[in-house]
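First comes the structure, then the notes that go with it.
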Amino acid sequence: MKKIAFLFLLSFATLQLQAQDKPKTAKTSPRIIILATGGTIAGSGESSTKAAYTAGKVPIDDLLNAVPQIHDYGKITGEQIASIGSQDMNVVTWLKLSKRINEIFKNNEADAVVVTHGTDTQEETAYFLDLTIMSDKPVVIVGAMRPSTAMSQDGNRNLLDAVMVAASPKSQGKGVIVAMDEKVFDARDVTKTSSTNLETFQSRNFGPIGLIYDGKVNYYYQSLRNPSKKFDVTKLTSLPQVEIVYGYADASPQSVTGILGSEVKGIVYAGMGNGNFGEPVGKALAEASKKGIVVCRSARAGSGRITLDNEVKDEELGFVVSDDLNPQKARVLLMLSLTETADRTKIQQNFFEY
Ligand code: ASP
């Protein structure tokens, strides 16, 4: 009788372990490096019930110590890359992060990487890394909407989930992914949709690619936009300057002419509807395009696509369209494209492929 009870308990325990995406032995335990950049996930406030806090205050070691359960999923180590609110994220830090992740995989230092990040520009960093990391190994970006000192803060759970997702063999070959609020998103498609709500991340055109629940991740589909050719940033210390111009009713051409300086190599126009502009702005964009600045039409609408040569004579004006990329992601792809070419046909091709 005792033996039967023991066998029952053993098989129940095995099932429980299999039900979670935990590695079964120390040998198969993945090595995961957590690269911290700051953000609300490392934010600290004076009160657990008030909203005021400072982002990027809590160092990586404290973040990891707060969630000891992450060590169930692999051999975890942490590195501090930056300590900033992601509103201060910048090209120099993107390049540092991308170079470090490529180096980690090249030197076989880890099997997966998790990046902790502020949510404001998480989508841009995710897409930048997606376009520049030359490995099939999982890179998971995570953040939080409430600081670590808040009541029912979301950072600890999000971090645990992100580590679990990074450790899961199912996450291989998915490109860079964002794990937030029990969902997994493709870096290219995800966007922050609410300035304050917990459930802020969405992929408005396509939805999440996976769902997280109870220590397990399930994937449902995968983006076809994950080209094997990445942008090589190894030797870069800066990127060509690309500015975003916002479209609105009765906008003056100054919104374009005011930003033109010798350094601006590209403009992403966040247009109305299908990337539209009123006449004065249209003329200013056409002038900029004639002067050699690459103009990319995108949209402020938040979902859908920008279609080539429909309402706007793109080819005649030398404009490119962002397809379904939002303005901030279109800027990332345009900056990277401009490191390789100024040829608009090739750049347009990038927007249809990446
Ligand atoms: N401002 C913060 C940041 O992006 C917001 C957050 O992390 O949720 O760093």
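Oblate is the label for the range 285-339, because a/c, from the alpha-carbon gyration tensor with a ≥ b ≥ c as root eigenvalues, is 1.5 or above and a/b does not exceed b/c.
The listed peptides 318-329, 112-123, ordered by packing as a protection proxy, come out as 112-123, 318-329 (highest mean of other Cβ atoms within 10 Å first).
If you take all other residues with their beta carbon under 14 Å from the beta carbon of GLY207, and give Lys and Arg +1 and Asp and Glu -1, the sum is -3. Computed about the Cα centre, the dipole magnitude for the range 208-354 is approximately 380 debye when only Lys and Arg (+1) and Asp and Glu (-1) carry charge, each at its Cβ. Taking the DSSP bridge list for the chain and keeping only pairs wholly inside it, about 30 percent are antiparallel.
What lysines does LYS183 reach when the alpha-carbon gap must be under 22 Å and sequence neighbours fewer than 8 apart in one chain are set aside? Answer for LYS183, where 22 Å is the Cα cut-off: LYS22, LYS137, LYS170, LYS174, LYS192, LYS216, LYS329, listed by chain and number.
Inter-label distance, ASP309 to PHE206: 2.6 nm, where each label sits 7 Å from its Cα along the C-beta direction.
In vacuo Debye scattering of the chain, one point per C-alpha: log10 I(q)/I(0) at q = 0.10 Å⁻¹? Those come out to -0.63, one per q. Relative to the longest principal axis of the Cα atoms of the chain, the long axis of helix 155-167 lies at roughly 90 degrees. Extending 7 Å from the Cα toward the beta-carbon at both ASP136 and GLU316 defines two label points whose distance is 4.8 nm. Which angle between 0 and 90 degrees, to the nearest 10, do you get for helix 122-132 versus the longest principal axis of the chain when only C-alpha atoms count? Orientation of helix 122-132: about 90 degrees from the principal axis.
Placing a pseudo-label 7 Å from each Cα along the Cα-to-Cβ vector at SER228 and GLU263 gives an inter-label distance of 3.8 nm. With respect to the chain, whose longest principal axis is taken over its alpha-carbon atoms, helix 279-290 is tilted by about 90°. Using 1/(1 + (r/R0)^6) with R0 = 41 angstrom and r between the beta carbons of ASN65 and ASN197, what's the FRET efficiency to the nearest 0.05? Plugging the Cβ-Cβ distance into 1/(1 + (r/R0)^6) gives 0.90. Per-residue packing, averaged as other Cβ atoms within 10 Å, sorts the ranges 245-254, 299-308, 80-89 into the order 80-89, 299-308, 245-254, beginning with the highest. When Rg and the Kirkwood radius Rh are both evaluated on Cα atoms of the range 39-142, their ratio Rg/Rh stands at 0.98. Annotation: extensible slack from ASP214 through LYS75 equals 48.0 nm (criterion: 0.36 nm per residue apart, minus Cα-Cα distance).
Only the coordinates and a few stated rules stand behind these numbers; no lab work does. Keep in mind that what you see is a predicted model, and the values were worked out from it rather than measured. Don't worry about glycine lacking a Cβ; one is built from the backbone with ideal geometry, like all the others, and counts go over all protein chains shown.
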